[in-house]
Amino acid sequence: MRIPFLSMFITSPFEGIQEHAEKVKECAWVFQRAIECIIEERCEDFEHFRQDIDKLEDEADAIKRRIRGHLPKGTLLAVDKFQLFRYLREQDKVLDAVEEGLDWLSFRSAAGIPEVLEKDFMLLVEAVMDPIEELSKMVSEARKYFSNFSESQRTRVKQMIHTLRQHEHEADKLEDAVKEKIFNSIDDAVAVFHLVRLAETIGSIADHAENAGDMMRSMIAK
């Protein structure tokens, strides 16, 4: 049974989860700037973007450890502890996908992105930013819900999860369109492989954000 007044006796783990979500969003911003850098062909600072991601990931890992360390066995929570950990793991996979995308891009960063695909990749990156922005807002609203269990607040969280899903669906459509264009406009097999994998990795950022939203929906379910 969920008892709201428990929040008076323990620190809400959602404070840390929201902090972690903000780190995920920061990483996504860095990734977006790195893609812009590649497209604008002025990437002397490309390695700095990777270093920024590594630094933010270290900070996010420290937040994860703090959350887990503050939930000793027997701690009473407003939500199942293992659900909480599964949610945190999926939110962290958003960050992992961002890092993977930047690493994969770095393998052929000198080749850049073909001009015919520049606009398409930028649209895809912008599309996956929307679920991440919504993810951060969702965590903030869920934090409020778990402090007061207001039905209106629960409805608000559910609406945000629905919006997150819509953003992910739009990102999926753009990913498919990018891959189709790659196959129809690029002749070099290595470039095709690299660009298709890049598009899939970028798309997976939104996929993990949607998965986190689904897990949040499970946590707020009655």
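Among His162, His208, His48, determine the one that fluctuates most according to a GNM of the chain built with springs between C-alpha atoms less than 10 Å apart.
His48
Among 136-144, 188-196, what's the highest-first ranking by average C-beta atoms within 10 angstrom per residue?
136-144, 188-196
Just to confirm a number: summing +1 for Lys and Arg and -1 for Asp and Glu over residues other than Leu195 whose beta-carbon lies under 13 angstrom from that of Leu195, what do you get?
Net charge around Leu195: -4.
Which residue, Ile35, Ile186, Ile67, tops the fluctuation ranking in a GNM of the chain built on C-alpha contacts under 10 Å?
Answer for the Gaussian network model of the chain: Ile186.
Do you know the relative contact order of the chain, to the nearest whole percent, from alpha carbon pairs under 8 angstrom that are 6+ apart?
Averaging sequence separation for qualifying contacts and normalising by length gives 30 percent for the chain.
Would you mind ranking Glu151, Glu36 by Cβ crowding within 10 Å, fewest neighbours first?
Glu151, Glu36
I need the phi-derived Karplus couplings for the stretch 31-40: 6.51 cos²θ - 1.76 cosθ + 1.60, θ = phi - 60°, integer Hz, Gly and Pro marked x.
So the J values, rounded to whole Hz, are 4, 4, 5, 5, 5, 4, 4, 4, 5, 7.
What is the sum of charges, Lys and Arg at +1 and Asp and Glu at -1, for the other residues whose Cβ falls under 14 Å from the Cβ of Asn184?
Computed value for this residue: -3.
Among Leu123, Leu105, Leu88, which one shows the highest mean-square fluctuation when the chain is modelled as a Gaussian network with alpha-carbon springs under 10 Å?
Leu123
Which of the residue pairs Lys93/Lys119; Lys23/Lys81; Lys144/Lys173; Lys137/Lys181 have a Cα-Cα distance greater than 30 Å in the structure shown?
Lys144/Lys173; Lys137/Lys181
Among the aspartates and glutamates, which fall within straight-line cross-link reach of Lys55, defined as a Cα-Cα distance under 16 Å, with same-chain neighbours fewer than 8 residues apart omitted?
Output for Lys55: Glu19, Glu22, Glu26, Asp45, Glu47, Asp92, Asp96, Glu99, Glu100, Asp103.
In the stretch 70-169, if every C-alpha pair distance is counted and binned at 5 Å from zero, what percent goes to each bin?
With 5 Å bins starting at 0, P(r) equals 2, 10, 14, 19, 16, 12, 9, 7, 5, 3, 1, 0.
With runs of 4+ DSSP H residues as the only contributors, calculate the mean residue ellipticity of the chain at 222 nm using -39,500 (n - 2.57) per run, divided by the residue total and rounded to the nearest 500.
Value at 222 nm, helices only, nearest 500: -28500 deg cm²/dmol.
The numbers here are math on the coordinates, done by the rules we state, and not lab data. Note that the coordinates shown come from a computational prediction; the quantities given were computed from them, not determined experimentally. Cβ: placed from backbone, ideal geometry, glycine included. Neighbour counts: every protein chain shown.
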